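To start, the structure itself, in structure tokens.
The numbers here are math on the coordinates, done by the rules we state, and not lab data. As the structure is a prediction and not an experimental result, all values here were calculated from the model. Here the Cβ positions follow ideal geometry from the backbone for every residue, glycine too, while neighbour counts run over all protein chains shown.
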Amino acid sequence: MSKNMKATSAKPKKRSQFQETMRRLSKNRSAMLGLAIILVVILISVGASIFYDYDTQVIAQVGDRLVKPCWQHPFGTDELGRDIFTRVLYGARYSLSVSFVAVLVSLIIGVPLGAIAGFCGGVIENLIMRFNDILLALPSIFTAIAIVSALGKSTLNLMIAVGVCSICTFTQVTRSAVLTVRNNEYVEAARALGATNLHIIFQHILPNCLAPIIVQTTFRMGQAIISAASLSFLGLGIPLPAPEWGAMLSAGRNYLLGYSYMTMFPGLALLITVIAFNMVGDGLRDALDPKLKH
């Protein structure tokens, strides 16, 4: 009898869904590497002003034009003598903030639209999805250019433009997820108890559709960084002289032959950050997939 009691007491507790997801994610080396890179970029964007005085590093070196990478200037200086290393560090703040707010905008609009379309069906679903199809038919970069051109160049308008381009994706992903769970027993039970449609959507359906939304959010963060950099490269992003990576690429393209470092280091920062978000997105997709056994 005592042996049975010891065996019962020694039985490990069942992991929660969050713990199981983190366990699977921790076994994915590429995802953990991507997560480490993202954390480093976040720390750089937050702590750049603590370790580096932007005004001193940039303005005080105006006389040192087009200095190649050296001990004093690890990434060299640009055509105005500004330290590229400092500007790349500060550029992380702009890229991350724009992508975060842009994805938040698309989440706030796209997720409710997709949930309503998937749950209600009929005419409401047709209206939402046909409008979604119209937006999808337009190239996202052209849509963003049109929005920025209409609203004017500013950081806020850049965030809105990039966010609007991601609404369609979240609408589709959320609708597909809702269609798979809207006829489950707990939804029917909530409806039988007299719960309103909005209560059912936000209290019972959406919490069970978070997995694909979380994965898509991670992917869209990287895509938003690219979109913001593309608009800044075209002169429609964050106004100069802000050290945004896309704007730095645009400024350095005129000096590619003799001073390629002006575009190499901002480009590497952009590339590494986007790849890191994609690596984490791939890892989350595998970790949140209940069909995979690890």
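To the nearest 10 degrees, how steep is helix 29-51 against the longest Cα principal axis of the chain, on a 0 to 90 scale?
Once rounded, the angle reads 50 degrees.
Please arrange THR174, THR169 by how many other C-beta atoms lie within 10 Å of their C-beta, fewest to most.
Going from sparsest to densest Cβ surroundings: THR169, THR174.
Tell me, what is a quarter of the convex hull surface for the C-alpha atoms of the chain, in nm² with one decimal? Don't jump to the answer; show the numbers that get you there.
Working: hull surface 89.5 nm².
Projected over every direction and averaged, the Cα hull of the chain covers 22.4 nm².
Residue by residue through the stretch 252-262, which ³J(HN,Hα) values in whole Hz follow from phi under the Karplus form 6.51 cos²θ - 1.76 cosθ + 1.60 (θ = phi - 60°), with glycine and proline marked x?
Result, ordered by residue: x, 5, 7, 10, 5, 5, x, 9, 5, 5, 5 Hz.
State to the nearest 20 debye the size of the charge dipole of the chain about its Cα centre, where the only charges are +1 on K and R beta carbons and -1 on D and E beta carbons.
So the magnitude is around 1420 debye.
Residue by residue through the stretch 152-167, what is 3J(HN,Hα) from phi via Karplus (6.51 cos²θ - 1.76 cosθ + 1.60, θ = phi - 60°)? Round to whole Hz and write x for glycine and proline.
x, 7, 6, 5, 4, 5, 5, 4, 5, 4, 5, x, 4, 5, 9, 4
Among rounded, prolate and oblate, which fits the stretch 229-275 when a ≥ b ≥ c are the square roots of the eigenvalues of its C-alpha gyration tensor, a/c under 1.5 means rounded, and a/b larger than b/c means prolate?
Oblate, since a/c reaches 1.5 and b/c is not below a/b.
By count of other Cβ within 10 Å, fewest leading, how are PHE85, PHE131 ordered?
Ranked by crowding around the Cβ, least crowded first: PHE131, PHE85.
Can you tell which of ILE84, MET262, PRO207 lies farthest toward the positive end of the dipole of the chain, using +1 and -1 charges on the Cβ of basic and acidic side chains (Lys, Arg; Asp, Glu)?
PRO207
If you plug each phi of the stretch 121-133 into the Karplus form 6.51 cos²θ - 1.76 cosθ + 1.60 with θ = phi - 60°, what whole-Hz ³J(HN,Hα) values come out, in order, with x for Gly and Pro?
x, x, 5, 4, 5, 4, 4, 5, 6, 5, 5, 5, 5
Which angle between 0 and 90 degrees, to the nearest 10, do you get for helix 84-120 versus the longest principal axis of the chain when only C-alpha atoms count?
30 degrees
Projecting each Cα onto the charge dipole of the chain (Lys/Arg +1, Asp/Glu -1 at the beta carbon, about the Cα centre), which of ILE147, GLY163, ILE37 comes out farthest on the positive side?
ILE37
What value, in deg cm²/dmol to 500, does the helix sum -39500 (n - 2.57) over DSSP H runs of n ≥ 4 give at 222 nm once divided by the residues of the chain?
Helices in the chain give a 222 nm mean residue ellipticity of -23500 deg cm²/dmol.
With a ≥ b ≥ c taken as the square roots of the eigenvalues of the C-alpha gyration tensor of the stretch 200-294, please select rounded if a/c is under 1.5 and otherwise prolate if a/b is larger than b/c or oblate if it is not?
Because a/c hits 1.5 or more and a/b fails to exceed b/c, the stretch 200-294 counts as oblate.
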